[in-house]
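Trainee: Before I ask anything, let me first share the structure, which is written out below as structure tokens.
The values are calculated or read from the model by the stated rules, or taken from the named source; none is laboratory data. Just so you know, these numbers come straight off a predicted model, no measurement behind them. Positions of Cβ are backbone-derived with ideal geometry, glycine not excepted, and every protein chain shown enters the neighbour counts. Please note that ligands, DNA and RNA were not included when accessible areas were found on the heavy atoms of the full protein model with its side chains. Shrake-Rupley method; radii C 1.70, N 1.55, O 1.52, S 1.80 Å.
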Amino acid sequence: MATTSFPKDKIKIVLFEKIHPVSKETFQKAGYSDVTILDRALPEDELIECIKDVSLVGVRSKTQLTEKVLSHAKKLWAVGCFCIGTNQVDLDYATQNGIAVFNSPYSNTRSVAELVIGEIIMLARRIPEKSSAAMAGKWLKEARGAFELRGKTLGIIGYGHIGSQVSVLAEALGLRVIFYDIESKLPLGNASSVGSMDEILEQSHFVTLHVPQDPGTVNLMNREAIEKMQPDSYLLNLSRGSVVDIEAAVEHLKSGHLAGAAFDVYPQEPKSKEEPFHSPLLELAESHPNLILTPHIGGSTQEAQQNIGEDAATKLIQYMDRGTTSGSKTLPPLNLSSTGNVHRILHIHHNKAGVLSAINDTFAKAKINILGQHLKTNEQIGYVVTDVEAAASEEALDQVKKIEHTIKARVLF
């Protein structure tokens, strides 16, 4: 193995929450041998002790990397969220301290989309009710309240990677597809964009939500919004638990305004299999049998978990090996080629005027020749990548560490 600026067998990597083993294989193929996979999230005190000497951390949704936890991880260079969201990481603290945070937002797209389509079919045919009856020895062979999808309208709120994939699959089943997104999106197939969410609610037999979690989407489907839906329509939420006002959904299921619903995410979810699941939706188990509740399994397929494992691990490797930050939620994005025969200085700093000039002045005074340089900034920090001659890299790193506003610096070769 070629000599590197950091011995890869000394880089400690810990992956929590039973992340797919392909992630460990991906790290090992890249030369990183010190990889530990834990099958659960840890409480705060154990988590702090576990990652204090770790360079890379991989988490799913339950490991909480708060400011307190991150402040004890003095050797931490990057975090990989092996899932879609990054809510479990204090991104502000990570940004201010030069910790790169990556996620894998598109690897489970197909898995979620297929579950949406499957649940739409099950709701339209009242499968939850009939399955429960059959298991109880009752024979509900009837057509009442059961419908084909052909010719019905599916309304998609949020036409990103998952929403657009749902659109393609739905159209193949004969559904008319309309969608609304706050950003202009190119329709796929024969789907049509509408100008407001109200149009979706008023025209659709099925409404499915595919929006991110942010202040603008909290209780997006509140009592007023659900009332605008067609009578006997269906609501599906496989996005984020905060998007639907659960009490309002329960009310409209009880009244019969909604003919059925499917939920995969909830405002409060158990942290482990051992914890009980509580939700106002549970009171509908007998009174409204056309209801599907699943335990946040939209992306829980072997294919999705393998894709996520490979994708997130690869992003961490590219950052450590090349300094590439494309896809980072905290560092400015730079897509960099391999270092070749040069040494690469990575410099993360507070976004203050004059830092780049200070770096270049320092190199000039030390007679260090710059072979290539890249700069990207966001509102909080700047990221400068400078390629220098191999013989000068040790001195170059020592010099840039002394520059005012420096957060972190390291050398790659």
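Trainee: Please give the strands (runs of 3 or more DSSP E) falling wholly within the range 32-89 in which 2 or more residues are in contact (Cβ under 8 Å) with a residue 40 or more places away in the chain, under 28 Å from PRO295 (Cα atoms) and among the hydrophobic types (A, V, I, L, M, F, W, C).
Mentor: Filter on the range 32-89 gives 56-59.
Trainee: Run ALA100 past the list (1) over 24 Å from ASN307 (Cα atoms); (2) open to solvent by less than 80 Å² (accessible area, probe 1.4 Å) and report the number of the one that doesn't hold.
Mentor: Result: ALA100 fails condition (1) only.
Trainee: From (1) open to solvent by 10 Å² or more (accessible area, probe 1.4 Å); (2) in contact with a strand residue (DSSP E or B) (Cβ under 6 Å, 6 or more places away or on another chain); (3) farther than 25 Å from GLY163 by Cα, pick out the condition that doesn't hold for HIS278.
Mentor: The failed condition is (2).
Trainee: Identify the residue in the range 281-301 that is polar (S, T, N, Q) and either surrounded by fewer than 12 Cβ atoms within 10 Å (Cβ to Cβ) or touching a strand residue (DSSP E or B) at 6+ places or on another chain (Cβ under 6 Å) (or both) and, among all such residues, is farthest from LEU235 (Cα to Cα).
Mentor: Per the stated criteria, the residue is SER287.
Trainee: Residue by residue through the range 317-335, note down the ones that are within 25 Å of ARG240 (Cβ to Cβ) and open to solvent by less than 60 Å² (accessible area, probe 1.4 Å).
Mentor: SER326, GLY327, SER328, THR330, LEU331
Trainee: Sticking with this structure for a sec: The conditions are (1) assigned to a loop (DSSP other than H, G, I, E, B); (2) touching a Lys or Arg at 6+ places or on another chain (Cβ under 9 Å); (3) surrounded by 19 or more Cβ atoms within 10 Å (Cβ to Cβ), and ALA304 fails exactly one of them. Which is it?
Mentor: For ALA304, the exception is condition (1).
Trainee: Let me ask something else about it. Just to be sure, is THR314 open to solvent by less than 60 Å² (accessible area, probe 1.4 Å), touching an Asp or Glu at 6+ places or on another chain (Cβ under 7 Å) and either of a type in the set (Ser, Thr, Tyr) or without any contact (Cβ under 8 Å) to a residue 24 or more places away in the chain (or both)?
Mentor: Judged against the criteria, THR314 is not a match.
Trainee: Going by what's in this entry, would THR86 be described as modelled with pLDDT of 95 or more and under 22 Å from the mean Cα position of the chain (by Cα)?
Mentor: Spelling it out, it is not the case that THR86 is modelled with pLDDT of 95 or more and under 22 Å from the mean Cα position of the chain (by Cα).
Trainee: When the range 199-240 is examined, which residues are found to be farther than 15 Å from LEU154 by Cα and part of a strand (DSSP E or B)?
Mentor: MET221
Trainee: Could you tell me how many of the residues in the range 241-275 are open to solvent by 10 Å² or more (accessible area, probe 1.4 Å), assigned to a helix (DSSP H, G or I) and more than 26 Å from ALA113 (Cβ to Cβ)?
Mentor: Total satisfying the criteria: 4.
Trainee: Kindly provide the set of residues from the range 50-82 that are within 21 Å of SER326 (Cα to Cα), surrounded by fewer than 23 Cβ atoms within 10 Å (Cβ to Cβ) and among the small types (Gly, Ala, Ser), ordered by number.
Mentor: SER55
Trainee: Name every residue in the range 153-173 that is assigned to a loop (DSSP other than H, G, I, E, B) and out of contact with any Leu (no Cβ under 6 Å at 6 or more places or on another chain), in order of residue number.
Mentor: Selection gives GLY158, TYR159, GLY160.
Trainee: If you don't mind, another one. Take the range 231-270 and flag every residue that is in contact (Cβ under 8 Å) with a residue 60 or more places away in the chain and polar (S, T, N, Q).
Mentor: Scanning the range 231-270 gives a single hit, SER239.
Trainee: Find the residue count for the range 345-368, including only residues that are in contact with a Leu (Cβ under 8 Å, 6 or more places away or on another chain) and at pLDDT below 95.
Mentor: Residues in the range 345-368 being in contact with a Leu (Cβ under 8 Å, 6 or more places away or on another chain) and at pLDDT below 95: 0 in total.
Trainee: Look at ASN341 and say whether it is in contact with a Gly (Cβ under 8 Å, 6 or more places away or on another chain) and either modelled with pLDDT under 95 or open to solvent by 60 Å² or more (accessible area, probe 1.4 Å) (or both).
Mentor: The answer is no for ASN341.
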